[in-house]
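As structure tokens, the structure follows; a few thoughts come after it.
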Amino acid sequence: MKRAFLLLSLLLFSQCSLLNKPENNDGDTALALLLGISAGCVIGGQAFTPSAGVTCSGGTASGTGTLTAVGNKDEIFMQLSPSIGAGGFLRVFTYAPSGNITDASSVSINISAEGQMSNHQNFSGIGVPFSTSGSTFCLEFHGEHDHILYKNAACSATTGDEAEFVKTGSQEAWGFELNNATLTNVTFFSEGRLTE
């Protein structure tokens, strides 16, 4: 019993030493290290599970594959500035069944290599259509109202354009699909920044 306690103590002590590294100092990673488990991929303080083809380190994910968020959400508020290679894209998926964020019933938008944001699936066409391009996007998915507010700029307390979507049931899994893309400079907020 003493030997097991000593080994556990050494494991936790060695994991704590990693907390001093800047790339590992967010809350999700710190908690995971203290518990002696893998936090997977952490971007903007949010933990993700990367699929094959996606590498994740130091708050950046890149490659071709998916990033599934750890924990479901009905309201998602984010600011992102993706880097997308020629012919690539970044898709943001929401309201999907657990374990399959790219399911046809999910709600998603597409950002192309040219920075063009467009409807990918399950938007109803009611409201302002997507027709914006640039390098920084503010996105707010409001599950209670079945709409997204978006802006081709940094998030701030200003008016955003609106588009409505159709979701199925109470599905709340979400994440990203990368295709020759790098996801970094992502900020997740606990509440909305845009108004209708």
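Looking at the stretch 145-175 only, could you name the residues that are assigned to a loop (DSSP other than H, G, I, E, B), touching a strand residue (DSSP E or B) at 6+ places or on another chain (Cβ under 7 Å) and within 26 Å of G71 (Cα to Cα)?
Across the stretch 145-175, the qualifying residues are D146, A154, C155, V166, K167, Q171, E172.
Yes or no: K151 among the basic types (K, R) and surrounded by fewer than 20 Cβ atoms within 10 Å (Cβ to Cβ)?
No.
Just so you know, all these numbers are worked out from the coordinates, no wet-lab data involved. Keep in mind the model is a prediction, meaning the values are calculated, not measured. Glycine gets a Cβ as well: all are built from the backbone with ideal geometry, and neighbour counts include every protein chain shown.
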